[in-house]
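Below is one structure; the comments refer to it alone.
Derivation of every value follows stated rules applied to the coordinates shown; laboratory data play no part. No experiment lies behind these values; they were computed from the predicted model shown. No Cβ is skipped: glycine too gets one built from the backbone with ideal geometry, and neighbour counts run over all protein chains shown.
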């Protein structure tokens, strides 16, 4: 049985939010890693990927796989600062066609155009391996069985259901559970996709006070995520993609409310509100 380690490097949504009110949960945008033996699967390349790069730059034996859910800024803007790509000949496997052909590839690379970032792709000394043919098969051959799950999000996004041996990790960020627009996934289907997952990481950017203004902006209410985790009987529920306006104290209060709700309902779900440095092992 493999040891699977899930690490959180960036947990904010929309825009980085550094400052004195976000020091405990962190202000970097989306980035999570899953490490199995000498392979690391990186989910999204928000600003959190910079610290991840610093942590693994001294581990050249670690094989890197980068998967992005969609091309909104908060999921790609850290990539040029990912230091392993500046290590000569270090292989970095990237998957630009998992959901929209070339869109993520162009978004990641085009930001390094000299105008928005001083170093261009042809100056990067690592070995980019853009896996454009049979990417899911390539990932599975390296131990990561990946299922694409469409999310409800403006501009389209996909989540990933990841199976490693008998363990299941669902990374469902940027998903609006009950949007006003045509759904890409219904709640009952979503619930079954994450049924009995060992870890469910789900977008939880909004609270009731954000509505109705932000209804349709592509993110879920914290209370909706609590119900989803409970209905799907997941083992560990990670609330993720925190609103940049949400302070540490605000998030503490939301964690207390969610924990109380789950306890009162007799649920065995273990809740976490993601923070930079959170480590889960399964």
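Report the paramagnetic label zone for residue 81: residues of region 253-282 whose backbone N is under 16 Å from a point 7 Å from Cα along the Cα-to-Cβ axis.
Counting backbone N atoms under 16 Å from the label point, the list is 276-277.
Determine the percent antiparallel among the DSSP beta bridges restricted to region 4-281, to the nearest 5.
Roughly 50 percent of the beta bridges in region 4-281 run antiparallel, per DSSP.
At 7 Å along the Cα-to-beta-carbon direction for both residue 141 and residue 21, put a label point, then send me their distance in nm to one decimal.
5.0 nm
Calculate for the chain the 222 nm mean residue ellipticity that helices alone would give, adding -39,500 (n - 2.57) per DSSP H run of length 4 or more and normalising by residue count, nearest 500 deg cm²/dmol.
Computed ellipticity for the chain at 222 nm equals -6000 deg cm²/dmol.
FRET efficiency for residue 163 and residue 120, Cβ-Cβ distance as r, R0 = 45 Å, nearest 0.05?
0.75
Sorted by packing (mean other beta-carbon atoms within 10 Å per residue), highest first, where do 125-138, 19-32, 166-179 land? Walk me through the numbers before you get to the answer.
Details: 125-138: 14.1, 19-32: 21.0, 166-179: 22.7.
The most tightly packed comes first, giving 166-179, 19-32, 125-138.
Please list the equivalent ellipsoid semi-axes of region 190-237, computed as the square roots of five times the alpha-carbon gyration tensor eigenvalues, in descending order and whole angstrom.
Details: eigenvalues 102, 17, 13 Å².
One finds semi-axes of 23, 9, 8 Å for region 190-237.
Applying a 10 Å radius around every beta-carbon, put 222-233, 184-195 in order of their mean neighbour count, most first. Numbers along the way, then the final one.
On the way: 222-233: 20.5, 184-195: 16.4.
The densest-packed peptide leads the list: 222-233, 184-195.
Eigenvalues of the Cα gyration tensor times 5, then square-rooted: what semi-axes does that give for region 205-280, in whole angstrom, largest first?
Equivalent ellipsoid semi-axes, largest first: 20, 15, 12 Å.
Under the Kirkwood approximation applied to all pairs of distinct alpha-carbon atoms, what is the hydrodynamic radius of the chain in Å?
18.9 Å
Cα convex hull of region 52-179: mean projected area in nm², to one decimal?
Values: hull surface 34.9 nm².
Spelled out: convex hull of the Cα atoms, projected over all directions, averaged, 8.7 nm².
What would the Debye formula give as log10 I(q)/I(0) at q = 0.10, 0.20, 0.22 Å⁻¹ for the alpha-carbon point model of region 147-276, no solvent?
Debye output, listed in q order: -0.28, -1.17, -1.39.
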